[in-house]
Amino acid sequence: MKEIAIIDRNRESVRKLEAQLRGRGYRVESYGDETVALERIGERPPDLVISELALKEHTGPEIIRELRRIAPALPVIIITGHSNTQNAIDSMREGAYDYFAKPLDTEKTLLAIEKALDLGSAGDGVSFTGEGDEAPLGHGSRLIGKSPEMLEIYKRIGQVAASDAAVLIQGESGTGKELVSQAIHDNSKRRTGPFLAVNCAAIPETLLESELFGYEKGAFTGAVSRKTGKFEQANHGTIFLDEIGDMTLSIQAKVLRVLQDKAFERVGGRETIQVNTRVVAATNKSLVECMKSGAFRVDLFYRLKVVSIFLPPLRERGSDVLLLAEFFRNHYNTLLGKNVRGISAEAVELLHDYHWPGNVRELENNVQTAVLLNKSGVLSCEDFPVYAERERGESAGRPGEESVDLHEAFHQVLAGRFASLCIDHKGSIYDKTVQDFERALIGLALGRVGGNQVRASKLLGISRNTLRNRIERFGGLDNLK
Ligand SMILES: Nc1ncnc2c1ncn2[C@@H]1O[C@H](COP(=O)(O)OP(=O)(O)OP(=O)(O)O)[C@@H](O)[C@H]1O
Ligand SMILES: [Mg+2]
């Protein structure tokens, strides 16, 4: 019989989980005091430990380190009533198998428990990624948001921070890609090294190569002395390549070489320079689309996408929008020396309902303006630029949805092709049309969420199984534009 130890001072909060685990045939040992728990676990390790973070002596993820010390292969799942960005990042970084915020989603928690136990008995152990005894210096707490979508992002940051692997961050403009890349750096063992950001879209093509790789004296007119590039300057640190989709093919080739061999030559130079620079790249373009048009190298894409993070748009983060609005209100209150005490109920509703095509950046700008202009001490709808834009009907439409009458649009498309449809697909027009429509719809949804099937199925409002089934029916992902 598999044995599970639960460490939590608040027995009430885990009673339901405990009962369900017993019901599934596990032996459960519960401890309110971690000193007793650690002693027993050290003597006779169970198959899995579930632990709160806020304990008597241990008040954070150090409990994971302690457990790892006494039983290195023991899977640990964190459940906590004190969930925040940094706790989620640190827990995963310390090697927790998974992390959940209370109140628990019992179904999800049970699923993770079963998976962790399977892993244990398969003899794989759990790969721990912690980094010895250094205290975390993380800046993760600058990332605001408590939605399940963002919690997954924090966990992912914790998982990837410790390794040197390249990371690709995808997401719409203003979703926080730069902030996430900074959090990866700040939570990695490179955190004492440099973090340099290069916006590949903002620098003219001819300058970008020398900006990244440096140049030798005389490499071109005006190169009066040797200059090191960002890859060299970021040695032992992290380089953040923003808008990587805008990089030319020849620079992409050079970046690929750095990823593969950690080597490059300066512009106009012969000497091969070796660097130990971690690459984090970001894009708000679909690299799949760029590859199709030949503008992005397939090998570089696959090299980068091994570790990917998809940042959800703000409109998919539920009430995070209000947490962020409150955060920015406080921030700009201090910065602008104002005394805005709150946000009115109508304004809360406006912020909640608006679709934020510019994501967090647009929200931040709106709150900044509102705080600046406000006189009453409470932010009202009229204070926010999006309100006026909406009133004037100027606000950017939801991408692709701008008051389109779908039926009308389909009618037009079909009408133009109907004659040939009748010839080519006589007797099967219905199936053919509906299938092709479905295929286009699924392709668009996948493209929008960067290929993430869980998010695509959520977006479409179909089950993951249905989506998988359709992808298979259409002959795989390659057939979905
Ligand atoms: N989760 C968050 N918590 C707090 N601030 C955030 C969050 N996400 C983004 N921001 C803030 O929003 C602004 C935009 O974020 P950032 O520059 O990281 O976005 P981006 O995805 O890189 O955008 P772009 O694609 O336009 O470059 C920044 O001021 C950042 O500090
Ligand atoms: Mg950016």
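The values are calculated or read from the model by the stated rules, or taken from the named source; none is laboratory data. A quick note: this is a predicted structure, and the numbers were derived from the prediction, not measured. Positions of Cβ are generated from backbone atoms using ideal geometry, with glycine treated the same way; all protein chains shown enter the neighbour counts.
Of all residues being among the charged types (D, E, K, R) and surrounded by 13 or more Cβ atoms within 10 Å (Cβ to Cβ) in the range 280-298, which is nearest to ligand 2 (Cβ to nearest atom)? Just the residue, please.
Lys285
For the range 49-61, give me the residue count where each residue is acidic (Asp, Glu) and surrounded by fewer than 17 Cβ atoms within 10 Å (Cβ to Cβ).
The qualifying residues number 1.
Looking at the range 226-265 only, could you name the residues that are out of contact with any strand residue (DSSP E or B) (no Cβ under 6 Å at 6 or more places or on another chain), within 16 Å of ligand 2 (Cβ to nearest atom) and aliphatic (A, V, I, L, M)?
Met247 - this is the single residue of the range 226-265 that is out of contact with any strand residue (DSSP E or B) (no Cβ under 6 Å at 6 or more places or on another chain), within 16 Å of ligand 2 (Cβ to nearest atom) and aliphatic (A, V, I, L, M).
Pick from Glu172, Glu209: which is of a type in the set (Asp, Glu) and more than 15 Å from ligand 1 (Cβ to nearest atom)?
Unique residue meeting the criteria: Glu209.
What single numbered condition from (1) away from ligand 1 (no atom under 16 Å from the Cβ); (2) assigned to a helix (DSSP H, G or I); (3) under 28 Å from the mean Cα position of the chain (by Cα) fails to hold for Leu179?
Single failed check for Leu179: (1).
Select from the range 269-291 the residues that are at pLDDT below 95 and small (Gly, Ala, Ser) and write down the one among them that is nearest to ligand 1 (Cβ to nearest atom).
Among those that are at pLDDT below 95 and small (Gly, Ala, Ser), it is Ser286.
Could you count how many residues in the range 185-197 are more than 9 Å from ligand 2 (Cβ to nearest atom) and either in contact with a strand residue (DSSP E or B) (Cβ under 6 Å, 6 or more places away or on another chain) or among the charged types (D, E, K, R) (or both)?
7
To keep it simple, each residue is scored yes or no on (1) assigned to a loop (DSSP other than H, G, I, E, B); (2) surrounded by 18 or more Cβ atoms within 10 Å (Cβ to Cβ); (3) under 29 Å from the mean Cα position of the chain (by Cα); (4) at pLDDT 95 or above.
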position	(1), (2), (3), (4)
Gln20	no, no, no, no
Val28	no, yes, no, yes
Gly42	no, no, no, no
Ile63	no, yes, yes, no
Ile78	no, yes, yes, yes
Gly95	yes, yes, yes, no
Tyr99	no, yes, yes, yes
Asp118	no, no, yes, no
Asp124	yes, no, yes, no
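Pairs please, first residue from the range 184-209 and assigned by TED's automatic domain parsing to the domain that holds Ile251, second anywhere and part of a loop (DSSP other than H, G, I, E, B) and among the acidic types (Asp, Glu), Cβ atoms under 8 Å, 6+ apart in sequence or on different chains.
The qualifying pairs are Lys189/Glu131; Lys189/Glu134; Asn199/Glu243; Cys200/Glu243; Ala201/Glu243; Ala202/Glu243.
Quick check: is even one residue across the range 393-406 among the small types (Gly, Ala, Ser), modelled with pLDDT of 95 or more and touching an Asp or Glu at 6+ places or on another chain (Cβ under 9 Å)?
no
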